[in-house]
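We did not get these values from a lab; they are worked out from the coordinates using the rules stated. As the structure is a computational prediction, the values presented were derived from the model and not from experiment. Cβ placement follows ideal geometry from the backbone for every residue including glycine, while neighbour counts extend to all protein chains displayed.
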Amino acid sequence: MKTKVLMVCLGNICRSPLAEGILKSKVDENLVFVDSAGTAGYHVGNRPDERSIAVAQNHGINISHQTCRKFEASDFDEFDLIYAMDLSNFSNILKLARHPEDEKKVKLLLDEVDLGFNEVPDPYYGGPDGFENVYQMVDLACESIAKKLN
Ligand code: 4NP
């Protein structure tokens, strides 16, 4: 059976689409299913932010086909691992947990690596450098996850 991994941020247009694309590029799709969602519904149905699409493209990853969706409690049934990009996302996901088994699935993405900080900064209001910065830290975390799952 496949391991199912869900990447979660606030809007599901900047950070988690990158995390979805990066992890997909590192795992065997026969073994691992990867998706992403946002804790807020502002951009449901939209494509990822152009700046995330561009930074992914610079690294040879196409995320332009992804569609934004909102995280929902049923995702606890569907997914084995739920990675939050920051502490705010983490606590918003936990608010929807129905029992301890749900809670156990929720992790902070950057707890997979030792960078000296544990939140992926929200790049939405910044410039392109912020997106490359996000790419680099998410890439390191996904490398670590992929080693465990492949
Ligand atoms: P994300 O970034 O959570 O990485 O997708 C954001 C995208 C949109 C908004 C905030 C953060 N927004 O306020 O619309």
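Which of Ile61, Ile93, Ile22 ends up with the largest GNM mean-square fluctuation for the chain, with Cα atoms connected below 10 Å? So, out of Ile61, Ile93, Ile22, the one fluctuating most is Ile61.
Which shape class applies to segment 75-130: rounded if a/c is under 1.5, otherwise prolate when a/b exceeds b/c and oblate if not, where a ≥ b ≥ c are the square roots of the Cα gyration tensor eigenvalues? Here segment 75-130 falls in the prolate category. Phi angles of segment 99-116 translate, via the Karplus equation with coefficients 6.51, -1.76, 1.60 and θ = phi - 60°, into HN-Hα couplings of 7, x, 5, 4, 4, 5, 7, 8, 9, 8, 3, 6, 6, 6, 9, 10, 9, x Hz per residue; Gly and Pro are given as x.
Does segment 3-149 come out rounded, prolate or oblate by the C-alpha gyration tensor, with a ≥ b ≥ c the root eigenvalues, rounded set by a/c under 1.5 and, if not, prolate when a/b is larger than b/c and oblate if not? It comes out rounded by the Cα gyration axes. Classification of segment 1-80 by its C-alpha gyration tensor yields an oblate form. The axis ratio a/c (a ≥ b ≥ c) is 1.5 or more, and b/c is at least a/b.
Taken one residue at a time, the phi angles of segment 73-83 give Karplus couplings (6.51, -1.76, 1.60, θ = phi - 60°) of 4, 5, 4, 5, 6, 7, 10, 8, 10, 10, 9 Hz. Gly and Pro are set to x. Amide H to amide H, with H built 1.01 Å from N, Val34 comes under 5 Å of Val5, counting only residues 5 or more places away or on other chains. Computed over the chain, relative contact order equals 29 percent, with contacts defined as Cα pairs under 8 Å that lie 6+ residues apart.
Taken about its Cα centre, segment 3-149 carries a charge dipole of about 200 debye when Lys and Arg each add +1 at the Cβ and Asp and Glu each add -1 at the Cβ. Please tell me which of these pairs span more than 21 angstrom C-alpha to C-alpha: Lys26/Lys70; Lys24/Lys104; Lys26/Lys95; Lys4/Lys148; Lys70/Lys147; Lys105/Lys147? The answer is Lys26/Lys70; Lys24/Lys104; Lys26/Lys95; Lys70/Lys147. Exposure proxy for Met7, Met85, Met1, Met137: other Cβ atoms within 10 Å of each Cβ, ordered fewest to most, give Met1, Met137, Met85, Met7. Note that segment 60-70 has calculated 3J(HN,Hα) couplings of x, 10, 9, 10, 5, 7, 5, 10, 5, 9, 8 Hz, one per residue in order, obtained from phi through the Karplus relation 6.51 cos²θ - 1.76 cosθ + 1.60 (θ = phi - 60°); glycine and proline are x. Listed by number, the DSSP H helices of the chain that run 30 Å or longer by alpha-carbon position along their axis and have mean Kyte hydropathy of at least -1.0 are 128-149. The amide H of Asn46, built 1.01 Å from its N in the peptide plane, has Cys68 as neighbours under 5 Å, considering only residues 5 or more places off or on other chains.
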